[in-house]
């Protein structure tokens, strides 16, 4: 049924573009005869171009994992309280973007900052092509502003990293060896009632992963505090583990993910994929050179132009 829905969506979108192109041709012909105005032709042209570009962008989402949901993790980097505040601002930005797309968002892990903001947050984003769009956000995000946390009112620079992996569903088989899993439990912090705060409902999963190609071993650690039930948190931690293992398998099979990994550098100067300069009213993506002066709209979740620029330049390479 999902395959049928996907094919049907392509047919519907194609027919919309075809119809808009025909209406544009009619408007142009009628304008030559004086029946329509130039403004009406311009409006029909803009409508047709918008539909066509939307179809082109969707065509960039060709990878098998693009249609999946996403697991998005934000970590505060260099900059102390300022960076932790920046991490929370990014969380709000992505939450607003997801809301505008009608995606379902669930916070699976949240760690408050020392004085303000957050040190880290992990969210699950469920909806068609969530990963395909959000994969463009993988990397380091740099903020430049006059900091409210600086008594001298100096211009401060801070960094936060964003990591995005596909959220696996039941249609994808991932083998997890139970013998390589160990668990810790802990009391969740923050709001949630007596059960959350007084009972060890939070879980921490440790998984020993061995790279099949290199033999290198590393530990994957996942924390989950979403549910008030320890069993619920364990089930979701397993799902998040499978999402990470699926991403690792994709890296092995494609090798193209080296381009994504190249963006996951140290969270500091020279490694950012995008800069947000508040006092200059400028947000610039350093990979595509796309920029805008409408900083407020971007921070309210208007990311479509950045995502589109990235997909149109890099999306078709696979």
For this session: Could you tell me which residue of the range 184-200 is modelled with the highest pLDDT, considering only residues that are out of contact with any strand residue (DSSP E or B) (no Cβ under 6 Å at 6 or more places or on another chain) and surrounded by fewer than 13 Cβ atoms within 10 Å (Cβ to Cβ)?
Result: 187
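Residues are listed down the side, and each one gets a yes or a no for (1) at pLDDT 90 or above; (2) over 28 Å from residue 126 (Cβ atoms); (3) in contact with a helix residue (DSSP H, G or I) (Cβ under 7 Å, 6 or more places away or on another chain); (4) assigned to a helix (DSSP H, G or I):
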{"site": "235", "(1), (2), (3), (4)": "no, no, no, yes"}
{"site": "245", "(1), (2), (3), (4)": "no, no, no, yes"}
{"site": "252", "(1), (2), (3), (4)": "no, no, no, yes"}
{"site": "266", "(1), (2), (3), (4)": "no, yes, no, no"}
{"site": "270", "(1), (2), (3), (4)": "no, yes, no, no"}
{"site": "289", "(1), (2), (3), (4)": "yes, yes, no, no"}
Exercise. So residue 79 clears everything in (1) surrounded by 19 or more Cβ atoms within 10 Å (Cβ to Cβ); (2) farther than 22 Å from residue 313 by Cβ; (3) modelled with pLDDT of 90 or more except one condition, right? Which one?
Worked result: (3)
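Residues are listed down the side, and each one gets a yes or a no for (1) under 11 Å from the mean Cα position of the chain (by Cα); (2) within 28 Å of residue 234 (Cβ to Cβ); (3) not in a helix (DSSP H, G or I):
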site: 111; (1), (2), (3): no, yes, yes
site: 131; (1), (2), (3): yes, yes, no
site: 134; (1), (2), (3): yes, yes, no
site: 141; (1), (2), (3): no, no, yes
site: 148; (1), (2), (3): no, no, yes
Problem set entry | Residue in the range 26-48 that is outside any helix (DSSP H, G or I) and under 30 Å from residue 155 (Cα atoms) present | no
Exercise. For the range 43-55, how many residues are within 25 Å of residue 166 (Cβ to Cβ) and surrounded by 15 or more Cβ atoms within 10 Å (Cβ to Cβ)?
Worked result: 1
Problem set entry | Single residue of the range 151-168 satisfying the filter (touching a helix residue (DSSP H, G or I) at 6+ places or on another chain (Cβ under 8 Å) and under 19 Å from residue 88 (Cα atoms)) that is surrounded by the fewest Cβ atoms within 10 Å (Cβ to Cβ) | 156
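Of all the residues that make up the range 223-233, how many are surrounded by 18 or more Cβ atoms within 10 Å (Cβ to Cβ) and assigned to a helix (DSSP H, G or I)?
Total meeting the criteria: 1.
The values are calculated or read from the model by the stated rules, or taken from the named source; none is laboratory data. Just so it is clear, the model here is predicted, and its values are computed rather than measured. All Cβ positions, glycine included, derive from the backbone under ideal geometry; neighbour counts span all protein chains shown.
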